[in-house]
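Quick notes on the structure that follows.
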Number of protein chains: 2
Amino acid sequence: MKLATLNNGRPDGHLVIVSSDLTRCVSAGRIAPTLQAALDDWSVHAPALTALAAQLDAGAIAGQPFDPAAALAPLPRAYQWIDGSGYLSHLERVRSLKGSKDAELQSGRPLLYQGGSDSLSAPTAPIRITDPDLALDFEAEVAVIIGAVPMGATKAQASAAIRLVTVCNDVSLRRLVVDDLQNGFGFFHAKPSTSFAPIVVTPEGLGTSWRDNRLHLPVRVEVNGTLFGQPNAGTDMHFDFADLIVEAARTRSLASGTILGGGTVSNRHDESLPIKKDGIGFACIAEARTVEKLKYGRARTPFLKPSDTVRIGAMADGKSVFGDIFQKVVLA
Amino acid sequence: MKLATLNNGRPDGHLVIVSSDLTRCVSAGRIAPTLQAALDDWSVHAPALTALAAQLDAGAIAGQPFDPAAALAPLPRAYQWIDGSGYLSHLERVRSLKGSKDAELQSGRPLLYQGGSDSLSAPTAPIRITDPDLALDFEAEVAVIIGAVPMGATKAQASAAIRLVTVCNDVSLRRLVVDDLQNGFGFFHAKPSTSFAPIVVTPEGLGTSWRDNRLHLPVRVEVNGTLFGQPNAGTDMHFDFADLIVEAARTRSLASGTILGGGTVSNRHDESLPIKKDGIGFACIAEARTVEKLKYGRARTPFLKPSDTVRIGAMADGKSVFGDIFQKVVLA
């Protein structure tokens, strides 16, 4: 089943079911007006939503054309956004840039940070910055939306709580990351609104692409129309999503509608940019710069500047599974 | 105007208006079913809520008895909970315990951290812990709930966005604070659910107690029925609430319903526990322990253990302005 949230002028938007081929949609309003409402009573609403999705796919309901440009983030505001660090090669590569510590590299337990969730950006919303010199970067990630998880949850409980999957762009102001890390209070100023792809899909809806609590698909990133990276999200993910949920629930419960990011998708390799057509590349600029520093003695790839664009999507059979995030940088 | 959220079995509870003397309440459901709904359209709903509050106070509406034990947190789940550090003496006193850095003590800009807001505890909810050896502490704070604030807001805009005021208990697991600070990703495991007093009051409803973006009232804390502290929240607050909002909005906008804590209330003095009837004391255990270490060479006051209780309330004329937080520690 595929769901999206359309802009209706209200803060939470309007829930729709999207056809398997992403061309059509139908309002889910008579079942649940918003995605959060659906998640609050998932066991009640999911069967009805699934039945409606089947009718839409069978053509029993005509629906209306699905316009990704009218989509908000699936949860335009959420009660929780936690970002994890599933990919150790990301941490290793950004380590020198971020002024972070050895403790970050421990592979025994994943690092997590509490992100701001009060305004999550639409897939085509511009990235607004007030200062062009803050080393603006994107981070392409896989994210899951979960049901309620009790404190001290087991891995099985964590896995069973995964309701929906999508991709997101964890926008980062690298120049401020160092300050945020040094005061020890976590990322605050360095992480403006995270943006999300228009569509969320149930694990079942992803077929064999979703297994072992990982999305086994390449996440394709283009900067200004040029391929920047296409690392596979199922490869080199040291901590899977159930591991991340277990860690997040160590000292507290997690409410339904919590969004959890898997960290910047990152595969181990030593290629540098520009990558070949079948190369792997990177899902953030900071990693590319680190590899360049090691190889050439200096970073070549610039951070994003006003009017640059970034496109992010998870690809299967040449198609963007969750629809694309496509954002332009705008100086506010 | 005074508002509260009563438990109706749903995640967001039911909004009520509470009489000035806190004895009666009336449903606000025909205006806005939940506090978040009221905040989403505050300019529309606030006048109607104010009119209903006036009728309740005048006796034109009988209402029903207000039972604080039936209250949830005013926002039982919120889109954002940011905790600031308005009181420098708190930072100075906890510094040695937390393994934190000199940068923390800079008085030029307040520190902030992004807290979990997916489940905020009711005023009488137990504090559930799974491990009795994590150095459980309370932190009595003043908190404000704000309307939408644009990125780069001025101090005047920030001040005007303050909709409601209350007190909260920022529960802390001190043993985990060190780990969280050292990995640099911020407080995650060290901060389970924050609890809130049952009642929120508009700045106007606080009269002269609210001025200069500060609450000028003592916040009284009792542990196991014994006075622990009563520092005045308006004294020694180096960064006021408008300063904290301006800092929070430096690189991003803040959505309506964002809750912002002022940090552990802390006054400069060198008293140690037990305090006299008119003493000042502390709004968290960590500060008391630091003063004891300096005075006696070792900390005497233990952290909270199962079956301990903590009571927190802001006092005016011998009355608890927002109602009390009263929590018992329970080993889950």
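The values are calculated or read from the model by the stated rules, or taken from the named source; none is laboratory data. Bear in mind that the values here come from a model prediction, so they are computed numbers and not experimental data. Note: ideal-geometry Cβ built from the backbone for every residue, glycine included; neighbour counts use all protein chains shown.
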Across the range B:136-171, what is the total count of residues that are among the hydroxyl-bearing types (S, T, Y) and either more than 25 Å from B:A73 (Cα to Cα) or modelled with pLDDT under 95 (or both)? 1
Is there a residue in the range B:41-61 that is within 14 Å of chain A (Cβ to nearest Cβ) and in contact with a Lys or Arg (Cβ under 8 Å, 6 or more places away or on another chain)? yes
From A:G229, A:G257, A:G263, residue being within 14 Å of another protein chain (Cβ to nearest Cβ), crowded, with 23+ Cβ neighbours inside 10 Å and closer than 17 Å to A:N169 by Cα: A:G263
Determine whether the range A:175-183 contains at least one residue that is under 16 Å from A:I129 (Cβ atoms), surrounded by fewer than 24 Cβ atoms within 10 Å (Cβ to Cβ) and in contact (Cβ under 8 Å) with a residue 40 or more places away in the chain. yes
Within the range A:232-254, residues surrounded by 24 or more Cβ atoms within 10 Å (Cβ to Cβ), away from every other protein chain (no Cβ under 14 Å) and not in a loop (DSSP other than H, G, I, E, B) come out as A:F241
Residues of the range A:193-226 being of a type in the set (V, I, T), in a strand (DSSP E or B) and surrounded by 18 or more Cβ atoms within 10 Å (Cβ to Cβ), which ones? A:V200, A:V201, A:V219, A:V221, A:V223
Among residues belonging to the range B:159-190 that are more than 8 Å from every other protein chain (Cβ to nearest Cβ) and assigned to a loop (DSSP other than H, G, I, E, B), point out the one that is nearest to B:D137 (Cα to Cα). B:V171
When (1) within 19 Å of the chain's Cα centre (by Cα); (2) closer than 30 Å to A:T301 by Cα are applied to A:S209, the one that fails is (2)
The range B:200-257: number of residues that are modelled with pLDDT under 95 and basic (K, R): 2
Taking the range A:275-318 on its own, how many of its residues are in a loop (DSSP other than H, G, I, E, B), over 22 Å from A:A233 (Cβ atoms) and more than 23 Å from the chain's Cα centre (by Cα)? 4
Those residues of the range A:133-158 which are part of a strand (DSSP E or B) and within 13 Å of another protein chain (Cβ to nearest Cβ), in sequence order: A:L136, A:I145, A:I146, A:V149
